[in-house]
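Worksheet: one structure, shown below.
The values are calculated or read from the model by the stated rules, or taken from the named source; none is laboratory data. What you see is a predicted model, and the numbers here were worked out from it, not measured in a lab. Note that we place each Cβ from the backbone using ideal geometry, even for glycine, and neighbour counts take in every protein chain shown. To get the accessible areas, we keep the full protein, side chains included, count just its heavy atoms, and leave off ligands, DNA and RNA. Shrake-Rupley method; radii C 1.70, N 1.55, O 1.52, S 1.80 Å.
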Amino acid sequence: MRASAEPVGVAVAGCGTISREYLRNLTSFPDLRVVFCADIDLERAKEQAARYGVPEAGTVAQALREPDVELVVNLTIPAAHAEVTSAALAASKSVWTEKPLALDTVTGQRLLDEADRAGLLLGCAPDTVLGAGLQTARRLIAGGAIGVPQTALTLMQNPGPERWHPDPEFLFQRGAGPLFDIGPYYLSWLATIFGAAGQVAAVGHRSRDTRVIAKGPRAGTEFRVEVPTHVSAIVEYRQGPVATLVLSFESPLPRHGFVEITGTEATLALPDPNRFDGEIRLRATGTDEWQVLPTSGATDGRGLGVLDMARALRGGGRPRASGELGLHVLETMEAIGRSVAERSFEPVRSAFSLPETLDPDWDPKARNLVNPAS
Ligand SMILES: NC(=O)c1ccc[n+]([C@@H]2O[C@H](COP(=O)([O-])OP(=O)(O)OC[C@H]3O[C@@H](n4cnc5c(N)ncnc54)[C@H](O)[C@@H]3O)[C@@H](O)[C@H]2O)c1
């Protein structure tokens, strides 16, 4: 750990669609310095570096040789996550990875072990768990706003990301589909509220074996669908609460971010787990109106988890959006996938430490790293 006020040097690995939001935010946080853009497509890496004023661009291997890079932000496709994360850890870099942590739990656990052995940090998306929406909800629930939490109901449905993503094939392969691509948002929020899952059951459905890219230079290209595109799951949490989730790329009617947490006294309607902001509403038993509650916290967008991790790198501690939480969510999704295939109840065994809530005035734009000597 460099015990200094120096901003943490960051390399972004994978300069595709989501790198825009990351790079916009990461280059705006004073505690970070983005020094390298890497991609197997060198043109993409150079373009993003030029667009966001990042001094260097090249391959992942070149990024890993840069002494200024302390933290690698892995924004590659799910099938490449483990390989890139493992290479970065082997080069003594801490890693923030997009979800899922890996394609399977065994590989995810191996990555956590590699990070631990090397004394490095491993954080995992989604960092919407750090946004104003969930942070406010957690403070409300901890303060007794709904009584004792009992159940959750979540719904995410849309026609499928091939309608907007220019290269959507990976979203219909192992490691994605609505369960692995969108499930992490909902399951991370629920795990952060209820604690660890204990067992799951689910059914899945796939309406068609091929889809067609709708937008971008490859519009009209047909590709194969390899995973269920509609999943209906129930999750029983070890502390007692139960949740029902629908995750679907099969509905012409988009419905996003339906999350209701019900306790003994009231129901709390949360914002979209794929967002950092949004409205929180409370409906107490015996009332027939929703009450809109004020939210507080950061709404900057993707990259907050990288910043939280960078501050932990300098100041000690663990990232809140941790690899352990990412592994638990991965194991839960894998168990749901197995339940779909086997028509069985499946156990979930991994554990994680519940991340502490952030201060309501946690400020990503503040210069937070202080030189211990000053
Ligand atoms: N697109 C979104 O809205 C979105 C939102 C949140 C999270 N994510 C997650 O972010 C990740 C990337 O998604 P995306 O939509 O940006 O995908 P993308 O296909 O647009 O971009 C991925 C980039 O990674 C590069 N890449 C692939 N394998 C590589 C390797 N081994 N080494 C270096 N570079 C490699 C590709 O060349 C490409 O530029 C995924 O895990 C996805 O789940 C995407």
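Structural remarks
- Scanning segment 263-286 for residues that are buried (at least 17 other Cβ atoms within 10 Å of the Cβ), touching a Leu at 6+ places or on another chain (Cβ under 9 Å) and part of a strand (DSSP E or B) yields ALA266, THR267, LEU268, ALA269, LEU270, ILE280, LEU282, ARG283.
- Every test in (1) more than 20 Å from the chain's Cα centre (by Cα); (2) open to solvent by less than 80 Å² (accessible area, probe 1.4 Å) is passed by LYS365 save one, and that test is (2).
- Cβ-Cβ under 6 Å pairs, at least 6 apart or on other chains, segment 152-168 side within 22 Å of ALA197 (Cβ to Cβ), far side aliphatic (A, V, I, L, M): ALA152/LEU190; ALA152/ALA243; ALA152/ILE261; THR154/LEU245; THR154/VAL259; LEU155/VAL246; MET156/ILE182; MET156/LEU247
- In segment 90-117, the residues that are open to solvent by less than 10 Å² (accessible area, probe 1.4 Å) and away from the ligand (no atom under 15 Å from the Cβ): SER94, ALA115
- Residue pairs whose Cβ atoms lie under 9 Å apart, separated by 6 or more positions or on different chains, with the first residue in segment 229-256 and free of Cβ contacts under 8 Å to residues at least 40 places away in the same chain and the second of a type in the set (S, T, N, Q) and open to solvent by less than 10 Å² (accessible area, probe 1.4 Å), are SER232/SER248.
- Beta carbons closer than 8 Å, at least 6 apart along the sequence or on distinct chains, pair a first residue in segment 273-291 that is over 19 Å from TRP189 (Cβ atoms) with a second that is of a type in the set (Lys, Arg) for GLU289/ARG283; TRP290/ARG281; TRP290/ARG283; GLN291/ARG281; GLN291/ARG283.
- Candidates VAL73, VAL12, VAL60, VAL69 - the one that is away from the ligand (no atom under 14 Å from the Cβ), touching a residue at least 24 places away in the same chain (Cβ under 8 Å) and under 26 Å from LEU112 (Cβ atoms): VAL69
- Filtered residues of segment 324-374 (kept if part of a helix (DSSP H, G or I) and of a type in the set (A, V, I, L, M, F, W, C)): LEU325, LEU327, VAL329, LEU330, MET333, ALA335, ILE336, VAL340, ALA341
- The listed residues are GLU289, GLU260, and the only one of them that is over 30 Å from ARG33 (Cα atoms) and in a loop (DSSP other than H, G, I, E, B) turns out to be GLU289.
- All positions within segment 215-249 that are assigned to a loop (DSSP other than H, G, I, E, B) and either surrounded by 17 or more Cβ atoms within 10 Å (Cβ to Cβ) or modelled with pLDDT under 95 (or both): VAL225, VAL227, PRO228, THR229, PRO241, PHE249
- Near pairs, Cβ below 7 angstrom, 6+ apart or cross-chain, from segment 177-190 (of a type in the set (Val, Ile, Thr)) to any residue that is buried (at least 24 other Cβ atoms within 10 Å of the Cβ): ILE182/MET156; ILE182/LEU247
- Check on ALA145, away from the ligand (no atom under 12 Å from the Cβ), aliphatic (A, V, I, L, M), in contact (Cβ under 8 Å) with a residue 60 or more places away in the chain and not in a strand (DSSP E or B): yes
- Failed condition for ARG174, given (1) in a loop (DSSP other than H, G, I, E, B); (2) surrounded by fewer than 17 Cβ atoms within 10 Å (Cβ to Cβ); (3) at pLDDT 95 or above; (4) not aromatic (Phe, Trp, Tyr): (3)
- Residues that are open to solvent by 10 Å² or more (accessible area, probe 1.4 Å), without any contact (Cβ under 8 Å) to a residue 60 or more places away in the chain, touching a Leu at 6+ places or on another chain (Cβ under 9 Å) and of a type in the set (S, T, N, Q) do not occur anywhere in segment 27-34.
- Search result, residues across segment 214-245 that are within 25 Å of THR17 (Cβ to Cβ), under 25 Å from the mean Cα position of the chain (by Cα) and β-branched (Val, Ile, Thr): VAL225, VAL227, THR229, VAL231
- Looking across LEU130, LEU153, one residue alone is crowded, with 20+ Cβ neighbours inside 10 Å and touching a Phe, Trp or Tyr at 6+ places or on another chain (Cβ under 8 Å). It is LEU130.
- Selection from segment 35-76 of residues that are open to solvent by less than 40 Å² (accessible area, probe 1.4 Å) and of a type in the set (S, T, N, Q): GLN48, ASN74, THR76
- Of the residues contained in segment 317-331, none is found to be touching a strand residue (DSSP E or B) at 6+ places or on another chain (Cβ under 7 Å) and open to solvent by 50 Å² or more (accessible area, probe 1.4 Å).
- In segment 15-36, the qualifying residues are those that are hydrophobic (A, V, I, L, M, F, W, C) and within 10 Å of the ligand (Cβ to nearest atom), and the one that is farthest from the chain's Cα centre (by Cα) is CYS15.
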